[in-house]
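Shown next, in structure tokens, is the structure this report addresses.
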Amino acid sequence: MPDEQMAATGSAPAAPGSAPAAPGGAPGAPAAPPVAPRPLDPIDRSIMRLLQADGRASIRSVAEQVHVSRANAYARINRLIDDGVIRGFTARVNHERAGQGASAYITLKIVQNSWRTVREQLRELPGAAHIALVSGDFDVLLLVHTPDNRTLRELVLTRLQAIPEVLSTRTLLVFEETDLLDQGPGQGPAAPPALSEE
């Protein structure tokens, strides 16, 4: 397993030879300790579930469903965004209807300490949807969507196995998948974007 998996993420390191600066302070002053994330209460978690199911839900709809005022719902959503809990809003795509009828999870064993190098190369692969560094019998789990099995085969045999740091791969074809965030049939048309008032 690559040693880099436990590397901390966050702000960029200071320039060599420079002392860390306190927020708003002069260089050389002691750095402030990292701010702990604010705890989420049941209303925050309900808002997150609603927005995961429908990222275009209106403020009014969210507020009504979690039983708070629109101002409260708006403030909570903005706080979740500011705190980095909500990273953005995106569309959930039916890949088959979008012309990507072949999906697969691909496991990779990679050279030790090469995670960052491999990750950057995997990001460039057409159809790559998710990349994870994991523990266990392999090092990396990659989800890809391609137009057909021939394209998938070329991606694995030509692109993936050409990465020098990739030692071996195993491809697991996806026969059927279920999006657990879907609300099922009968879900009405999408509402206006989440941060609209109506």
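Select from the range 105-153 the residues that are of a type in the set (D, E, K, R), surrounded by fewer than 18 Cβ atoms within 10 Å (Cβ to Cβ) and more than 15 Å from L173 (Cβ to Cβ) and list them in ascending order.
K109, R116, R119, E120, R123, E124, D137
Return the residues of the range 77-93 that are among the polar types (S, T, N, Q) and either outside any loop (DSSP other than H, G, I, E, B) or without any contact (Cβ under 8 Å) to a residue 12 or more places away in the chain (or both); say none if nothing qualifies. Spell out the reasoning first.
We begin by selecting, within the range 77-93, every residue among the polar types (S, T, N, Q); these are 78, 90.
Passing the criteria: only N78.
When L195 is tested against (1) at pLDDT 90 or above; (2) in contact with a Phe, Trp or Tyr (Cβ under 8 Å, 6 or more places away or on another chain), just one condition goes unmet, and that condition is (1). Residues of the range 169-192 that are exposed (fewer than 12 other Cβ atoms within 10 Å of the Cβ), more than 22 Å from the chain's Cα centre (by Cα) and modelled with pLDDT of 65 or more: F175 alone.
Kindly establish whether L50 is open to solvent by less than 100 Å² (accessible area, probe 1.4 Å), within 27 Å of D179 (Cα to Cα) and in a helix (DSSP H, G or I).
The answer is yes for L50.
Open to solvent by 40 Å² or more (accessible area, probe 1.4 Å) and either modelled with pLDDT of 60 or more or under 30 Å from R92 (Cα atoms) (or both), is that true of P33? So P33 passes the test. Here A102 passes the criteria (1) under 27 Å from L157 (Cβ atoms); (2) free of Cβ contacts under 8 Å to residues at least 40 places away in the same chain; (3) in contact with a Leu (Cβ under 8 Å, 6 or more places away or on another chain); (4) aliphatic (A, V, I, L, M) except the one numbered (2).
Is it the case that some residue within the range 95-103 is surrounded by 11 or more Cβ atoms within 10 Å (Cβ to Cβ) and at pLDDT 90 or above? For the range 95-103, residues surrounded by 11 or more Cβ atoms within 10 Å (Cβ to Cβ) and at pLDDT 90 or above: present. For the range 34-59, the set of residues classified as among the polar types (S, T, N, Q) and touching a Leu at 6+ places or on another chain (Cβ under 8 Å) consists of Q52 only.
The values are calculated or read from the model by the stated rules, or taken from the named source; none is laboratory data. Everything quoted here is computed from the prediction, not taken from an experiment. Virtual Cβ from ideal backbone geometry, glycine too; neighbours counted across all protein chains shown. Accessible surface areas use protein heavy atoms only, side chains included; no ligands, DNA or RNA. Shrake-Rupley method; radii C 1.70, N 1.55, O 1.52, S 1.80 Å.
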